[in-house]
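Each value in this text was obtained by applying a stated rule to the coordinates, not by laboratory testing. Keep in mind that what you see is a predicted model, and the values were worked out from it rather than measured. Every residue, glycine among them, receives a Cβ derived from its backbone with ideal geometry; neighbour counts consider all protein chains shown.
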């Protein structure tokens, strides 16, 4: 059992150990969908939602697997839950807002293979969080992911107007910005004390 | 109609070595396709971690490619992605226990990233783009090429980061004690910078080739 306070868990997942910039989870959408602020916000929202549901389901599954003593099924059952949640979100978005569905494109089904979500569920199991702590952990991780994505999108929108050499354009530039952002976020580790 | 057909000459040259070599260089998963970035950045702070991660990923890639290619006519199209992920997850569970049996220390330093091989986009993309459409033999060559290419990419990062970050290589000290460690290299930011640096070199080479 883990006795961390709820706000500590939230801050930890959101800023100090930001999933994207400190754990390198969810790099694919971070590099792929971070072109526009608008899309980045919605992507962040979708990922946070999936994280929340997966965290709750993951907690239930873990308790069940401990009960029937089958830890080797952990990974397989987690991934099934995540895949079905993503499918659900995909259907909801398609129904509610076809334009957003278009904008997110291939990255929507790819949330399934977003390591941030599976990582979240695995970490929460390792740390032994209870249900409420898991929910806060998921909220923090989702907020952290959204912040990272938003910062990146904002910077990249500005970069459109900058003159950069041709060889640096594209992924290299994005990675360099990511590195600098990651350095910046290290400043938050002081909050830990 | 005939002109359209003539424009696309059928690719007769399907030597299986071609499938192997393309993963090493022309379609290198790390430097060209930029796939499966999470482990590339996260576990490459030492060269031995990078090597272990590369080999584990290559194993899962190979086994899942074989199985998916063998079952490609039996898996219904609608549920194919879920079936692939289940197959991949099975092999990842196997390799997770194998690594734990070989070296508990290594298992600890790789941490959750072994389990996270499941969501490595590289494996799913090879399953979807290649193994589900090709014979077992070709899929094996493809998986071997991609696996070796991925391991090579991880090693490229791991070697640079370990040399500069802790002046050693595979745990053996290389630089003299006076060398000041570049702490940033073992931190997360170092991963971003090193990968950017390698991609930059690749881009410079590519642009030189085009201009000459």
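List of remarks:
- Descending semi-axes in whole angstrom, ellipsoid equivalent of the protein assembly as shown, from the Cα gyration tensor: 31, 28, 24
- Computed from Cα positions, the angle between helix A:131-159 and the longest principal axis of chain A comes to roughly 10 degrees.
- Net length gained if the chain between residue A:159 and residue A:38 were fully extended (0.36 nm per residue, minus Cα distance): 41.9 nm
- Between helix B:136-166 and chain B there is an angle of about 20 degrees, using the helix long axis and the longest principal axis of the Cα atoms.
- Cβ crowding within 10 Å, taken as a proxy for footprinting-reagent exposure, orders B:206, B:22 from fewest neighbours to most as B:206, B:22.
- Label-reachable residues, the stretch A:110-149, where backbone N falls under 11 Å from a point 7 Å from residue A:6's Cα toward its Cβ: A:132-137
- When A:90, A:160, A:4, B:162 are sorted by how many other C-beta atoms sit within 10 angstrom of their C-beta, beginning with the fewest, the order is A:160, A:4, A:90, B:162.
- Spin-label zone in the stretch A:19-59 - amide nitrogen under 18 Å from a point set 7 Å from the Cα of residue A:180 along the C-beta vector: A:21-22, A:31, A:34-37
- Whether chain A is rounded, prolate or oblate, judged on the alpha carbon gyration tensor where a/c under 1.5 counts as rounded: oblate
- Volume of the convex hull of chain B (Cα atoms only), normalised per residue: 161 Å³.
- Degrees separating the helix B:188-211 axis from the principal Cα axis of chain B, which is the longest one: 50 degrees
- Chain B: relative contact order in percent, alpha carbon pairs under 8 Å with at least 6 residues between: 34 percent
- Of interest is the spacing of the C-alpha centroids, which for the stretch B:50-67 and the stretch B:145-162 amounts to 13 Å.
- Per-residue Cβ neighbour rank within 10 angstrom, fewest leading, A:51, A:91: A:91, A:51
- Among B:188, B:29, B:39, residue whose mean-square fluctuation peaks in a GNM of chain B (springs only between Cα atoms under 10 Å): B:188
- Relative contact order (%) - criterion: Cα under 8 Å, at least six apart; region: the stretch A:34-148: 46 percent
- Cα-derived Rg to Rh of the stretch B:94-212, Kirkwood definition: 1.04
- For chain A, the relative contact order comes to 44 percent (Cα pairs under 8 Å, sequence separation of at least 6).
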